[in-house]
Amino acid sequence: MNKTAEYLERFLNGVKKRNPGETEFQQAVSEVASTIFPYIADKPIYHKMQIMERMAEPDRVIMFRVPWTDDKGNIRNQRGYRVQFNNSIGPYKGGLRFHPSVNLSVLKFLGYEQTFKNSLTGLPMGGAKGGSDFNPKGKTDNEVMRFCQSFMVELHRHIGEDTDVPAGDIGVGAREIGYLFGMYKRIENRFVGVLTGKGIEFGGSKIRTEATGYGAVYFMENMLQRVGDSIDGKTVAISGSGNVATYAVEKVNHLGGKVVTLSDSSGFVHDPEGIDANKLEYVLDLKNVRRGRIKEYADEFNSATFHEGRPWIVPCALALPCATQNEINEEEAKTLLKNGCIGVSEGANMPTELAGIDAFQQAKILYAPSKAANAGGVAVSGLEMSQNSSRVSWKEDDLDNLLKETMLNIHDSCVEYGNEAGHINYLAGANIAGFVKVAEAMLSFGHT
Ligand code: NDP
Ligand code: 2IT
């Protein structure tokens with residue numbers, strides 16, 4: 001075994017030992033470390049200063065009880081979290097996830113990834129993630145409101161516009177951010193940009209709702225254009241039917257592609273005729289207003305069929321996983337390749353299992369890892385913070401142009417750091433480009 005492989009193995013064994021049972025967190029660290037250790041092989045200062053070891057330890061983890069009362073008057077208990085991972089290059093920044101699968105491992109993987117992603121945006125933001133095992137599905141607006149208020153009663157003392165600025169993620173959208181911001185303002189008696197993804201009326205930024213989905217599609221278009229191709233005319237499979245997935249559909253349509261799938265946790269719909277603007281309107285109403293299941297799409301439109309499982313068996317040229325982590329396994333990755341998939345842009349965080357990533361990498365397709373592909377959301381969150389602190393509101397076109405520019409800059413950073421004799425290893429490029437800034441800042445601070 002060479003020295004680099006030996007160091008990597010020792011490091012990963014240490015991470016496993018210190019974080020027993022946290023499989024998602026171990027997976028995220030392993031994916032990053034496999035590309036960083038070769039990069040720092042000839043840079044002893046990073047080893048001496050234990051940069052990778054320190055980056056794999058959150059600055060702090062806050063865990064708290066969230067009691068709330070349901071509509072029947074029952075007292076319910078949830079667990080709340082904020083993982084403040086790394087604030088070397090700016091205040092902690094990252095979303096809140098409300099989903100029954102939320103646990104420390106999931107939030108640590110997300111906070112770790114967020115640190116690299118935020119660095120890639122070029123904006124001054126550190127990494128964090130939080131949330132709860134609360135399940136918003138089937139809850140009334142009043143129940144969601146009471147939960148959000150109770151969550152903020154504890155969270156408010158740990159966050160602040162220059163300390164830690166949460167936003168949305170799975171299960172946390174405009175409705176939840178409104179309830180959370182309302183409660184923060186009431187407790188603190190301060191109107192500040194302490195959350196992003198706010199409503200436009202109270203300090204939200206235009207384009208933030210669309211930014212993650214649009215950004216993942218811009219990144220795909222950037223990768224294709226580099227090799228003289230484009231989305232125009234291509235068949236696209238998308239998973240999920242939430243915030244990221246729906247705005248990815250909209251942007252693929254703008255760029256002339258045809259989206260043939262969407263999904264939720266019960267299964268996927270396949271619409272060979274494509275999910276056009278009218279059908280997308282239906283999905284937005286179904287998911288954001290009626291809060292129904294994607295199966296209803298197939299009842300509404302004759303061209304579509306509903307299937308259990310995940311959409312990756314449907315032939316497509318491009319795939320955009322936009323639902324959740326580990327939603328493409330090795331077999332599904334190989335099926336995508338066999339069916340002619342030439343590009344993957346990850347709207348979701350860590351949607352591809354490590355063996356699936358290996359399959360994409362070996363096939364040398366255009367594979368954009370999540371920390372690059374979905375960075376558009378947090379990038380526009382960063383712009384929302386700037387607008388809030390200077391009490392201005394920028395125009396939609398200007399913000400969309402800034403989003404496009406940011407995605408292109410991230411793409412070009414990946415090309416700079418991931419160029420392997422002409423083939424671009426976007427995974428290595430994103431990890432290294434994200435790492436360098438945070439690592440340099442940590443070196444400047446000494447062993448803090
Ligand atoms: P939403 O809550 O709006 O939508 C999530 C979608 O994914 C829903 O269709 C949901 O189906 C599905 N889903 C969630 N969990 C699972 C699961 N365990 N199995 C199958 N399907 C599931 O979330 P977002 O669109 O905001 O987030 C989607 C992904 O994008 C996440 O990985 C998130 O971390 C990532 N992301 C989000 C950003 C943002 O700005 N919102 C920014 C960057 C990344 P169902 O309704 O049945 O649960
Ligand atoms: O994973 C992510 O980047 C997000 N959920 C968005 C975070 C943010 O602060 O906008």
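The values are calculated or read from the model by the stated rules, or taken from the named source; none is laboratory data. Just so it is clear, the structure is predicted and the values come from calculations on it, not from any experiment. For neighbour counting, all protein chains shown are included, and Cβ atoms are generated from backbone atoms with ideal geometry for every residue, glycine included.
Restricting to the range 104-130, and then to whatever is outside any helix (DSSP H, G or I) and under 14 Å from the mean Cα position of the chain (by Cα), can you tell me which residue is nearest to ligand 1 (Cβ to nearest atom)? Here the residue is LYS129. Might you check whether a residue that is outside any strand (DSSP E or B), in contact (Cβ under 8 Å) with a residue 60 or more places away in the chain, in contact with a strand residue (DSSP E or B) (Cβ under 8 Å, 6 or more places away or on another chain) and of a type outside the set (S, T, N, Q) occurs anywhere in the range 72-84? Scanning the range 72-84 turns up no residue that is outside any strand (DSSP E or B), in contact (Cβ under 8 Å) with a residue 60 or more places away in the chain, in contact with a strand residue (DSSP E or B) (Cβ under 8 Å, 6 or more places away or on another chain) and of a type outside the set (S, T, N, Q). Within the range 351-365, can one find any residue that is small (Gly, Ala, Ser) and within 16 Å of ligand 2 (Cβ to nearest atom)? No, every residue in the range 351-365 fails to be small (Gly, Ala, Ser) and within 16 Å of ligand 2 (Cβ to nearest atom).
Name the residue that is farthest from ligand 2 (Cβ to nearest atom), counting only residues in the range 378-397 that are among the aliphatic types (A, V, I, L, M) and farther than 14 Å from THR209 by Cα. Going through the qualifying residues, I end up with VAL392. Where strands (runs of 3 or more DSSP E) fall wholly inside the range 199-289, the ranges with 2 or more residues that are near ligand 1 (Cβ under 10 Å from one of its atoms) are 258-264, 267-270. Residues that are of a type outside the set (Gly, Ala, Ser), at pLDDT 95 or above and within 15 Å of ligand 1 (Cβ to nearest atom) number at least 1 in the following strands (runs of 3 or more DSSP E) confined to the range 314-408: 318-320, 343-345.
Could you pull out the residue among ALA245, ALA237 that is within 16 Å of ligand 2 (Cβ to nearest atom) and either acidic (Asp, Glu) or at pLDDT 95 or above (or both)?
After ruling out the rest, the residue left standing is ALA245.
Criterion applied to GLU161, GLU188 was being farther than 29 Å from LEU402 by Cα, more than 14 Å from ligand 1 (Cβ to nearest atom) and either touching a strand residue (DSSP E or B) at 6+ places or on another chain (Cβ under 7 Å) or not polar (S, T, N, Q) (or both), and the one residue passing it is GLU188. Against the list (1) in contact with a strand residue (DSSP E or B) (Cβ under 9 Å, 6 or more places away or on another chain); (2) within 13 Å of ligand 2 (Cβ to nearest atom), the condition THR209 fails is (1). In the range 383-401, how many residues are out of contact with any strand residue (DSSP E or B) (no Cβ under 7 Å at 6 or more places or on another chain) and surrounded by 18 or more Cβ atoms within 10 Å (Cβ to Cβ)? Matching residues across the range 383-401 total 5. Being under 19 Å from ALA211 (Cα atoms), at pLDDT 95 or above and β-branched (Val, Ile, Thr) is a condition met by no residue of the range 421-434. Being surrounded by 13 or more Cβ atoms within 10 Å (Cβ to Cβ), within 28 Å of GLY446 (Cβ to Cβ) and not β-branched (Val, Ile, Thr) is a description that applies to ASP59.
Within the bounds of the range 166-184, is there any residue that is in contact with a His (Cβ under 6 Å, 6 or more places away or on another chain) and outside any helix (DSSP H, G or I)? Checked against the condition, which is being in contact with a His (Cβ under 6 Å, 6 or more places away or on another chain) and outside any helix (DSSP H, G or I), the range 166-184 yields at least one hit.
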